[in-house]
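Encoded as structure tokens, the structure appears first; notes follow it.
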Amino acid sequence: RKGTPLLSVSGVTAYYGNIIALRGVDLEVNEGEIVTLIGANGAGKSTLMMTICGTPRARDGRIIFSGRDITSLPTHEIMRLNIAQSPEGRRIFPRMTVYENLQMGATTIGNAHFQQDLERMFEMFPRLRERIDQRGGTLSGGEQQMLSIARALMSRPRLLLLDEPSLGLAPLVVRQIFDAIRTLNQSEGLTVFLVEQNAFHALKLAHRGYVMVNGQITMSGSGAELLARPEVRAAYLEGG
Ligand code: ATP
């Protein structure tokens, strides 16, 4: 786990017009790690994930991926570096079938192992095989989330960015999805950066975590460490 991080964010600020959304964020994701970013609604978690992808752009600071400075690369070029994203709200193609959605994930890098990858996705999420010819928009929320993650994985990413995969889902479905992420990480060493409001599940899953408040990182540590801290429990786990 030591050495240079796969993703390194240092001193990053970002704005929406004149409104500051990120205030000097430092964060690292090492190869093979699951790292989570937790925080309240509006803290800036999604903004950080989007800034890593180039929109909105970091105004100060640096973002290094796999040894390369990507701070001022356009989004499409960042995506070509094998970073895949399952954004907040899932953003599957509602009028395309499950199969077509998965194709979209793969063709972005001209994947030659399409059939093999498809099979892996169906093993991980058997519901998607059952729904293969169904349009994305007719799937349940949980199935759409599975499709969004599977579509991102079809590009064989080196880094998977997940924004609130548990949002609006029943506890059982959340467990299925988090189990799948854990399995991918353990069996294939997939590196994951997970943004979550569901701090309990996220910290249980992640090797390390960061807490964001008002555009700043206020705490970091191992998942277990953060879960045990009274401040974290009081702010993010109470009642959860
Ligand atoms: P959530 O989980 O609810 O998305 P978050 O922690 O991801 O919360 P962000 O969505 O990153 O938070 O929002 C951070 C701040 O930036 C908030 O104050 C939000 O209102 C503001 N913001 C987000 N998107 C925009 C936008 N497109 N234009 C202007 N302000 C925005």
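Picking from E196, E164, which residue would you name as being within 26 Å of R129 (Cβ to Cβ), surrounded by 22 or more Cβ atoms within 10 Å (Cβ to Cβ) and charged (D, E, K, R)? Exactly one residue qualifies, and that residue is E164. Looking across the stretch 3-27, just one residue is more than 16 Å from the ligand (Cβ to nearest atom), more than 17 Å from G209 (Cα to Cα) and outside any loop (DSSP other than H, G, I, E, B), and that is G11. Residues that are of a type in the set (S, T, N, Q) and without any contact (Cβ under 8 Å) to a residue 60 or more places away in the chain do occur in the stretch 51-68, at least one of them.
The set of residues in the stretch 207-222 that are surrounded by 19 or more Cβ atoms within 10 Å (Cβ to Cβ) and more than 17 Å from A43 (Cβ to Cβ) contains only R208. Listed conditions (1) modelled with pLDDT under 95; (2) over 18 Å from M146 (Cβ atoms); (3) polar (S, T, N, Q) are all met by N198, apart from (2). Quick one: in the stretch 201-223, of everything that is under 20 Å from N30 (Cα atoms) and part of a helix (DSSP H, G or I), which residue is nearest to the ligand (Cβ to nearest atom)? Once the filter is applied, the top-ranked residue is A202.
Across the stretch 47-58, what is the total count of residues that are over 14 Å from the mean Cα position of the chain (by Cα) and either within 14 Å of the ligand (Cβ to nearest atom) or among the hydroxyl-bearing types (S, T, Y) (or both)?
Residues in the stretch 47-58 being over 14 Å from the mean Cα position of the chain (by Cα) and either within 14 Å of the ligand (Cβ to nearest atom) or among the hydroxyl-bearing types (S, T, Y) (or both): 4 in total.
L227 passes every criterion in (1) over 16 Å from the mean Cα position of the chain (by Cα); (2) part of a strand (DSSP E or B); (3) surrounded by 18 or more Cβ atoms within 10 Å (Cβ to Cβ) apart from (2).
Screening L73 with (1) within 15 Å of the ligand (Cβ to nearest atom); (2) surrounded by fewer than 22 Cβ atoms within 10 Å (Cβ to Cβ); (3) aliphatic (A, V, I, L, M) gives one miss only, at (1). Screening A40, A21 for residues that are buried (at least 18 other Cβ atoms within 10 Å of the Cβ), on the phi < 0 side of the Ramachandran plot and among the small types (G, A, S) leaves exactly one candidate, A21. Scanning the stretch 152-166 for residues that are within 12 Å of the ligand (Cβ to nearest atom) and either among the basic types (K, R) or in contact with a Pro (Cβ under 8 Å, 6 or more places away or on another chain) (or both) turns up just one, D163.
If we keep just the residues of the stretch 28-46 that are among the charged types (D, E, K, R) and part of a loop (DSSP other than H, G, I, E, B), which is nearest to the ligand (Cβ to nearest atom)? So, considering only residues that are among the charged types (D, E, K, R) and part of a loop (DSSP other than H, G, I, E, B), the one nearest to the ligand (Cβ to nearest atom) is E33.
The values are calculated or read from the model by the stated rules, or taken from the named source; none is laboratory data. Remember, it's a predicted structure, so these values are computed and weren't measured experimentally. Here the Cβ is made from the backbone with ideal geometry for all residues, glycine too, and neighbour counts use every protein chain on show.
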